[in-house]
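Have a look at the structure below, then the notes.
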Amino acid sequence: MAGGWARDGAVQEQIDASIEDELARLKLRRSPVGESLTHCAECEEPIPEKRRQALPGVKLCIDCQQDRDGAYQTRGGINRRGSKDSQLK
């Protein structure tokens, strides 16, 4: 069922595209690049060798990474759905 001037399935396509974008953003954020550091970039504590082997390119110790993962991050979302009401005004 389409709404307004949208074709059938357009809303689901928008939802799917938003999910794909978010997953791609998370994958980029999760995959470190480059050479691993021997000491944490934030607190200067040594990063264990096993962590550096498991995650090539790691820059943070476990504690700092957990703090960063738990912190709320604001970001600008993409509104893919144009409001019909805004088009009618």
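Worth pointing out:
- Residues whose amide H falls under 5 Å from that of I47, counting only those 5 or more places apart or on a different chain, are H39, C40, with hydrogens built in the peptide plane.
- Under Karplus coefficients 6.51, -1.76 and 1.60, residue-wise ³J(HN,Hα) of segment 20-25 in Hz, glycine/proline x: 4, 4, 5, 5, 5, 5
- Per-residue ³J(HN,Hα) for segment 37-49, Karplus 6.51 cos²θ - 1.76 cosθ + 1.60, θ = phi - 60°, Hz, x for Gly and Pro: 8, 7, 10, 4, 6, 9, 10, 6, 6, x, 8, x, 4
- Full-stretch length increase - A54, H39 - with 0.36 nm per residue and alpha-carbon distance subtracted: 3.9 nm
Computed from the coordinates by the stated procedures, all read-outs in this text should not be read as laboratory data. All of these numbers come straight from a predicted model, not from anything done at the bench.
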